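Undergrad: First, the structure itself, so that you have it in front of you.
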Amino acid sequence: MIALAAAAPAYAASNTVPAKGLNGWVTVERNCFIGSTYSLDGTQGSGFVTGSSSDRGIWIFAGSAAVISGATMIVYLSRSDLTFINGSGTGWNNLVRSPGDDGSAPASGFYAYKATYSGTWTYKHSTNGYVDNNGNPQSDVQVANGRPKWTADIGWQCSQITSYIRRSVIVDGTSYSFVRGPVTA
């Protein structure tokens, strides 16, 4: 049995995650035991608790009146032939091949798959504070009520797949975007 998992990939120090960017964690996993699948899963665990790497889901560190739109994840994969099944919560559309975004891949030989979130957000405040993906303290957070999950059959050979993820969002009229990766599962 091969079951590999990694929290959202590490990112270079020069590419820090903006607090108002799409923070959060998804598990990238290749399972070669039952069905040979590849998945990106933000539904595990209890969701957002403090923002630590053990939490899963998507959130933005922004105040209660924040106007959020355009939440998008573009996943660049080392394979172009995958068809995903959407197991996400309400608001996430399916992760589908997006050839028009191939040119924005952070490295050559990667193919774009895209999903957007149009669901609702829940505001939370903590005087004890939360922590963003850079380890910085935050006190206000907007948590996506739907958590993402996509799974694809990768065939009997169950070959490794390398990925990058570009996360983009507009908060209060300002665009925020960053790339994570690579991670191989």
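The values are calculated or read from the model by the stated rules, or taken from the named source; none is laboratory data. Note that this is a predicted model, so its numbers are computed, not measured. Using ideal geometry, Cβ is built from the backbone for each residue, glycine included, and neighbour counts are taken over all protein chains shown. In case anyone asks, the SASA skips ligands and DNA or RNA and just uses the protein heavy atoms, side chains included. Shrake-Rupley method; radii C 1.70, N 1.55, O 1.52, S 1.80 Å.
Undergrad: Taking the stated definitions as given, is PHE84 open to solvent by less than 70 Å² (accessible area, probe 1.4 Å), at pLDDT 95 or above and in contact with a Pro (Cβ under 9 Å, 6 or more places away or on another chain)?
TA: No; evaluated as a whole, the condition is false for this residue.
Undergrad: I've got another one for you. Pairs needed: first member in the stretch 101-127, closer than 30 Å to ALA65 by Cα and of a type in the set (Gly, Ala, Ser); second member anywhere, open to solvent by 50 Å² or more (accessible area, probe 1.4 Å) and part of a loop (DSSP other than H, G, I, E, B); C-beta distance under 9 Å; at least 6 residues apart or different chains.
TA: ALA115/ASN93; SER118/ASN93; GLY119/THR90; GLY119/ASN145; SER126/THR50
Undergrad: Only residues that are open to solvent by 80 Å² or more (accessible area, probe 1.4 Å) and either polar (S, T, N, Q) or modelled with pLDDT under 95 (or both): list them for the stretch 87-109, please.
TA: THR90, SER108
Undergrad: Got a sec? Which strands (runs of 3 or more DSSP E) wholly within the stretch 146-185 have at least 2 residues that are open to solvent by 60 Å² or more (accessible area, probe 1.4 Å) and under 18 Å from ALA112 (Cα atoms)?
TA: Correct list: 149-153, 174-184.
Undergrad: Taking the options GLY63, GLY51, name whichever one is open to solvent by 20 Å² or more (accessible area, probe 1.4 Å), within 16 Å of THR122 (Cα to Cα), touching a strand residue (DSSP E or B) at 6+ places or on another chain (Cβ under 7 Å) and outside any strand (DSSP E or B).
TA: Values: GLY51 fails: open to solvent by 20 Å² or more (accessible area, probe 1.4 Å).
Only one candidate qualifies: GLY63.
Undergrad: Specify the residue that is farthest from ARG79 (Cα to Cα); the eligible residues are those in the stretch 19-43 that are part of a loop (DSSP other than H, G, I, E, B) and modelled with pLDDT of 90 or more.
TA: LYS20
Undergrad: Next up: When you scan the stretch 123-139, how many residues do you find that are open to solvent by less than 40 Å² (accessible area, probe 1.4 Å), among the charged types (D, E, K, R) and assigned to a strand (DSSP E or B)?
TA: Matching residues across the stretch 123-139 total 0.
Undergrad: Quick test for you: out of SER88, SER52, SER46, SER108, pick the one residue that is within 25 Å of ASP153 (Cβ to Cβ), among the hydroxyl-bearing types (Ser, Thr, Tyr) and out of contact with any His (no Cβ under 9 Å at 6 or more places or on another chain).
TA: SER88
Undergrad: Could I ask something else about it? What number of residues in the stretch 110-122 are open to solvent by less than 80 Å² (accessible area, probe 1.4 Å) and closer than 22 Å to ASP140 by Cβ?
TA: Going through the stretch 110-122 one residue at a time, the tally reaches 4.
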